[in-house]
1. Among (1) within 30 Å of Ala103 (Cα to Cα); (2) part of a loop (DSSP other than H, G, I, E, B); (3) in contact (Cβ under 8 Å) with a residue 12 or more places away in the chain, which single condition is His347 missing?
2. Of the residues that make up the stretch 215-233, is at least one within 16 Å of the ligand (Cβ to nearest atom) and either farther than 30 Å from Met26 by Cα or not in a loop (DSSP other than H, G, I, E, B) (or both)?
3. Since Thr309 meets every condition but one in (1) over 20 Å from Phe353 (Cβ atoms); (2) touching a Pro at 6+ places or on another chain (Cβ under 9 Å), which condition does it not meet?
4. Give me the pairs, please: first residue somewhere in the stretch 38-56 and farther than 18 Å from Val214 by Cβ, second residue anywhere and of a type in the set (Asp, Glu) and in a helix (DSSP H, G or I), beta-carbon distance under 7 Å, and either six or more positions apart or on two chains.
5. Would you call His243 within 16 Å of the ligand (Cβ to nearest atom), of a type outside the set (A, V, I, L, M), in contact (Cβ under 8 Å) with a residue 24 or more places away in the chain and at negative phi?
6. Just to be sure, is Asp92 more than 16 Å from the ligand (Cβ to nearest atom), over 30 Å from Gly361 (Cβ atoms) and either of a type in the set (A, V, I, L, M) or touching a residue at least 40 places away in the same chain (Cβ under 8 Å) (or both)?
7. Being touching a residue at least 40 places away in the same chain (Cβ under 8 Å) and of a type in the set (A, V, I, L, M) is the filter here, so list the residues in the stretch 123-147 that pass it.
8. How about the stretch 265-322: which of its residues are under 16 Å from Pro364 (Cβ atoms) and of a type in the set (Gly, Ala, Ser)?
Amino acid sequence: MTATRRIYLDHGATSWPKAPGVADAMVRYLEEEAGNPGRGGHRLTVAASRAVESAREDVAALFGSEPERTLLGSGATFWLNTVLLTQLNPGDRVVTSALEHNAVVRSLRWLERSRGVEIAIVQGADPDGLPTADEFRREAFARPTALVVVTHASNVTGAVFPVTEIAEAVAPIPVVVDGAQTAGSLPVRFSELCVAAYACSGHKGLLGPQGVGVLLLDEGFEVEPLVRGGTGSRSESEEMPEHLPDRLEAGTPNGPGIAGLGAACRWLAERGVGAVAEHEHRLVRRLAGRLGEIAGVRLHGWRPDRPHTGILSFTVEWGDNGELATLLDREHGIMLRPGLHCAPAAHRRLGTFPDGTARVGIGPFTTEADVDALVGAVRQFSVFSF
Ligand SMILES: Cc1ncc(COP(=O)(O)O)c(C=O)c1O
């Protein structure tokens, strides 16, 4: 019989439920504000422009970034592609970690194949692939390097990378951070990160809808548009405008999505990202402690003494993680994600390729009872096997 309860533990893939106020903001936009933002002067266009610009301010306030250097687009993937594909030229060298998501890996592999970009991967001495700033420094200065791109936290293990130390160690080489797993889950003040760019999703820790994402750019780090087209501004010119954010935001924006993201950021600011991070960390510790006690369960990349997001990966020696996830959903209503998590390189580094792991993603609305239900279900499967 299929379980009717829903315990959502897949926040690494996308958040659910969304922050209170997100759906209302999206409905309000669609019903009352949905002109084309920045295109023309009638009242619905003005209302749409206001909604988009006020959401931009909400996002910027959460990160302490400059609103005009807070770019809104379709997601972390789009913004990472924008930066990598426009910054890396034929023959350039880029340094990255062994735990990157395909948003970075596939972009770099394409650049390697089509432009001869050299990719240097910091494997790291750590058994879980977490690199040190010093390892990055050595690799970055081994040969002339144009760019460093690194994740802020692994979407497979949840380990948080020392991105600020890395940026200081490789200066003046610009560092681009994939913040898909940290935005909204760890307090991030952009200027204190000391990096050139930070790209993130709107639909994960930021608790907004899918189809929106954010790029934060440091003063002086200029990125070319990946996509060119209408912006509603400087329409007399056949070239993209010089000013931000318009230069990097061609085409009609995802107005309802952006309105939803603004509402999500307001909710997060009120709740406090620090409080969310504490909540997720407390639950991930509880989960790791209890899951780790079950015979035949192996945790991957978990170290209680290290900074960690609400992600935890595990495997069970008595079964396949895909089958485990299916049974957890069907019999216990528990949703998590098995497999490779769009990060095959990370699984290779961790020794969990090609089967991957079962990945738990804890969010701000996850409770102790949710975590204990997962532990109970895994313990039950471990006794009876499957
Ligand atoms: C580490 C990491 N980078 C990038 C992405 C892609 O994010 P988006 O869905 O916003 O394109 C994800 C999402 O799975 C991720 O976990």
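Quick note: the coordinates plus some simple rules give every number you see, no bench work behind them. Just so you know, these numbers come straight off a predicted model, no measurement behind them. So basically every Cβ, Gly included, is an ideal-geometry build from the backbone, and we count neighbours across all protein chains shown.
1. So the condition that His347 fails would be (2).
2. There is at least one residue in the stretch 215-233 that is within 16 Å of the ligand (Cβ to nearest atom) and either farther than 30 Å from Met26 by Cα or not in a loop (DSSP other than H, G, I, E, B) (or both).
3. Condition not satisfied by Thr309: (2).
4. Leu44/Glu33; Ala47/Glu32; Ala47/Glu33; Ala48/Glu33
5. In short, no.
6. Yes, satisfied.
7. Leu130, Ala140, Ala146, Leu147, listed by residue number.
8. Ala269, Gly272, Gly274, Ala275, Ala277, Gly310
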